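Below is one structure; the comments refer to it alone.
The values are calculated or read from the model by the stated rules, or taken from the named source; none is laboratory data. This structure is a prediction, so every number in the text was calculated from the model and none was measured. Heads up, the Cβs are rebuilt from the backbone with ideal geometry, glycines too, and the neighbour counts pull from every protein chain shown. Side chains included, ligands, DNA and RNA excluded: accessible areas come from the protein's heavy atoms. Shrake-Rupley method; radii C 1.70, N 1.55, O 1.52, S 1.80 Å.
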Amino acid sequence: MKEMIVGIDLGTTNSELAVVREDVLQVVPVHGNVIMPSCVGLDLAGKILVGRSARNQMIASPEDTVLSVKRKMGETSKILMGGKEYSPEEISALILLELKKEGEKQLGQPIAKAVITVPAYFDDIRRKATQTAGRLAGLEVVRILNEPTAAAVAYGAGSRGQENLLVYDLGGGTFDVSVVQVEAGVVEVKSSHGDTRLGGDDFDQLLVDYAREEFRKMHHKELAPTPQNLRRLKDIMEKAKCRLSDEPYVRIREEFIDGRNHLELEIERYAYEQMILPLLEKTLECVHQSLSDARLNPGDLHKVMLVGGATRTPLVQNLLRDRLQTDPHFEIDPDLIVAMGAAIQGGVLGGEKQHSVLVDITPHTLSMVAVSDQYGYPRLVCVPILHRNTPLPAAKSEIFQTMVDNQKEVQVAAYQGEEPFPEDNRLIGDFMIENLSRAPAGNPITVHFALDLNGMLKVTAAEKNTGLSKSAVLDTHAAGVIDFEAARRNLKSLIREEEPEGTADRFSSKAESASEAPAERQELLIAAKDLRRRAEALLQKEVAAGDAEEIRKHLQESRQAIEERRWGRLQEINDTLSDLLFYLED
Ligand code: AMP
């Protein structure tokens, strides 16, 4: 008989709950959100608050609020909250209790057993303390699982023989890296390093310092460092930091930041990356240390996996790609992967079928072509905007610059492939953005790539200073053969000073045919996507095992038909799925 064993990622900053039921993996929302801050507090009436509500009262009542209790697990010192002393186990138990209570509400059944994750470096005392916290919350902790092991489990590691994996985990307040070896279902953490005081919060602090400096320059005085001002600034800069993961620059305009003065500034991603680079270099030292402790070279790694919200920072991914010469995997949500791995482990222990996480990803890197002078002469190169393995839908922008004064137009060309030069990749399509304003060389052009679940890529180019923009929708499945001539034309158009008349004919005919998918096919793909979305929503609910299996089979066939471009087959699957959903949704 199957029994439900949930997975819990009891994190320093945030905690998550997930479960496998009837072979379906589900991340369970708590208070309407899949991520719950690991924060406990007391309100004015002395009532316990857990999660976002506790986090929100942090500035007003710091003495009634506890954050980051995980750092204290296993210590004998007491934690003061609302004038009373608590052990770290008791505070952790309150977090677990909230997850249990909310989870039971969502799942409609009692939660009695759990797999809880801990960092690989946790010693026996800290593991026991975590177990005790679980017991205090009324949970039987059937397994304490290492976080990197949970990540490996979520990626279905070990199904292909012996594998060496590196798990790079950068959260809000801690950094861990582990080398994990998996063979015949046995997972072993070979080495583990980290810094328990390094994470995304430090990046926020660097941005806060920068903003305070800009404020001082603008108003010729300091921003009063009151807890309210600092908290507000930290929230603003954390949001800006997250946007910089997808956008090349961020403009901030906050009115009356201190009650009287405005804060106005712009940060470019490059400048931000220079700020955080020294911190990331520290993490890379740990990576190399971990590899050398496990007696491995970067070339021995089968997979590098990213865990923790701060790994969404593109520089993190680029540095790892560069230093380890492999593409890191981030297709499973880095905030949820540990809870998912724990849930899969719980599922296996509870008698569910072996399960791994399936996600839609882009299998190829999508790049914009640009001229680089790093080769000593102008050379066309592909600048990646969406890296392979990015989960779909995905959207990101990068900034490019004109090469000559008064450049009137720029050719925007999207390529698919992993090679550095366009002639070795596939052209998906190109277009010109024309009538740019008269500006010196270096006029910034923002290029935005948005890729949907059906592989349709919307490319938008915009002149940053005027907002002038142009878009095209390109079908990544319909990528033509390598078009070196088009690439050569790009180079010419990019380095020419004045554009001759008759530029309209510069649209490549190949790109046009690639970008204009027949209307029926578009409709078919949209219908397939909508059906898949409905089917997936249904799978999250209570569905009989036989129906769930049938839905999953059709989902798989729908994806396969799109991959193989069998439109007739896709139409058949759409019809069957539509009938099935009609019957089941009722
Ligand atoms: P975790 O401890 O894994 O929940 O990670 C939380 C950290 O990830 C915080 O510092 C967040 O600001 C950071 N974070 C979340 N989303 C992003 C993003 N899109 N880009 C950069 N950092 C992020």
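What about R260, is it open to solvent by 50 Å² or more (accessible area, probe 1.4 Å), away from the ligand (no atom under 12 Å from the Cβ) and part of a strand (DSSP E or B)? No; evaluated as a whole, the condition is false for this residue.
Of a type in the set (A, V, I, L, M), away from the ligand (no atom under 16 Å from the Cβ) and out of contact with any helix residue (DSSP H, G or I) (no Cβ under 9 Å at 6 or more places or on another chain): is that true of M81 in this structure? No. Identify the residue in the stretch 43-67 that is over 28 Å from the mean Cα position of the chain (by Cα) and of a type in the set (D, E, K, R) and, among all such residues, is surrounded by the fewest Cβ atoms within 10 Å (Cβ to Cβ). Top of the filtered list is K47. Contact map, the stretch 178-189: residues that are not assigned by TED's automatic domain parsing to the domain that holds R160 and surrounded by fewer than 19 Cβ atoms within 10 Å (Cβ to Cβ) paired with residues that are of a type in the set (A, V, I, L, M) and modelled with pLDDT of 85 or more, Cβ distance under 8 Å, separation 6+ or inter-chain. No pairs are found. When the residues of the stretch 146-157 are filtered to those that are hydrophobic (A, V, I, L, M, F, W, C) and away from the ligand (no atom under 16 Å from the Cβ), the one that is least open to solvent (accessible area, probe 1.4 Å) is A152. Residues in the stretch 423-449 that are closer than 21 Å to V250 by Cβ and open to solvent by 30 Å² or more (accessible area, probe 1.4 Å): H448 only.
Whether any residue in the stretch 158-167 is in contact (Cβ under 8 Å) with a residue 60 or more places away in the chain, open to solvent by 20 Å² or more (accessible area, probe 1.4 Å) and touching an Asp or Glu at 6+ places or on another chain (Cβ under 9 Å) is what I want to check. No, every residue in the stretch 158-167 fails to be in contact (Cβ under 8 Å) with a residue 60 or more places away in the chain, open to solvent by 20 Å² or more (accessible area, probe 1.4 Å) and touching an Asp or Glu at 6+ places or on another chain (Cβ under 9 Å). Residues in the stretch 7-53 that are away from the ligand (no atom under 16 Å from the Cβ), within 19 Å of G108 (Cα to Cα) and of a type in the set (S, T, N, Q): Q26 only. Note on the stretch 26-41: among residues that are out of contact with any Asp or Glu (no Cβ under 8 Å at 6 or more places or on another chain) and buried (at least 24 other Cβ atoms within 10 Å of the Cβ), the one that is nearest to A154 (Cα to Cα) is S38.
If you go through the stretch 419-441 and keep only what is more than 22 Å from D327 (Cα to Cα) and charged (D, E, K, R), you end up with D430, E434, R438. Please enumerate the residues belonging to the stretch 67-78 that are within 16 Å of the ligand (Cβ to nearest atom) and outside any loop (DSSP other than H, G, I, E, B). Answer for the stretch 67-78, where residues must be within 16 Å of the ligand (Cβ to nearest atom) and outside any loop (DSSP other than H, G, I, E, B): L67, V69, K70, R71. If you go through the stretch 102-132 and keep only what is of a type in the set (S, T, Y) and either open to solvent by 70 Å² or more (accessible area, probe 1.4 Å) or under 26 Å from the mean Cα position of the chain (by Cα) (or both), you end up with T117, Y121. Can you tell me which residues in the stretch 201-221 are among the aliphatic types (A, V, I, L, M) and open to solvent by less than 60 Å² (accessible area, probe 1.4 Å)? Scanning the stretch 201-221 gives L206, L207, V208, A211. The residue that is nearest to the ligand (Cβ to nearest atom), among those in the stretch 222-252 that are open to solvent by 30 Å² or more (accessible area, probe 1.4 Å) and closer than 21 Å to I399 by Cα, is C242. Are any residues in the stretch 298-326 under 18 Å from T149 (Cβ atoms) and away from the ligand (no atom under 15 Å from the Cβ), and if so, which ones? Of everything in the stretch 298-326, those that are under 18 Å from T149 (Cβ atoms) and away from the ligand (no atom under 15 Å from the Cβ) turn out to be L301, H302, K303, V304. Exactly one residue among R197, R143, R135 is modelled with pLDDT under 90, of a type in the set (K, R) and open to solvent by 40 Å² or more (accessible area, probe 1.4 Å), and that residue is R197. The listed residues are R197, R160, R143, and the only one of them that is within 21 Å of V69 (Cα to Cα), away from the ligand (no atom under 16 Å from the Cβ) and basic (K, R) turns out to be R143. Scanning the stretch 296-314 for residues that are under 12 Å from N164 (Cβ atoms) and buried (at least 18 other Cβ atoms within 10 Å of the Cβ) turns up L301, K303, V304, M305.
Cβ-Cβ distances below 7 Å connect the following pairs, each with a first residue in the stretch 321-336 that is not assigned by TED's automatic domain parsing to the domain that holds T390, a second residue that is hydroxyl-bearing (S, T, Y) and in a helix (DSSP H, G or I), and a separation of six or more residues or different chains: F330/T311; P334/T311. Quick check on the stretch 341-348. Is at least one of its residues within 15 Å of the ligand (Cβ to nearest atom) and touching a residue at least 12 places away in the same chain (Cβ under 8 Å)? Looking through the stretch 341-348, at least one residue is within 15 Å of the ligand (Cβ to nearest atom) and touching a residue at least 12 places away in the same chain (Cβ under 8 Å). For the stretch 538-586, what are the residues that are acidic (D, E) and in a helix (DSSP H, G or I)? Passing the criteria: D547, E549, E550, E557, E563, E572, D575, D579, E585.
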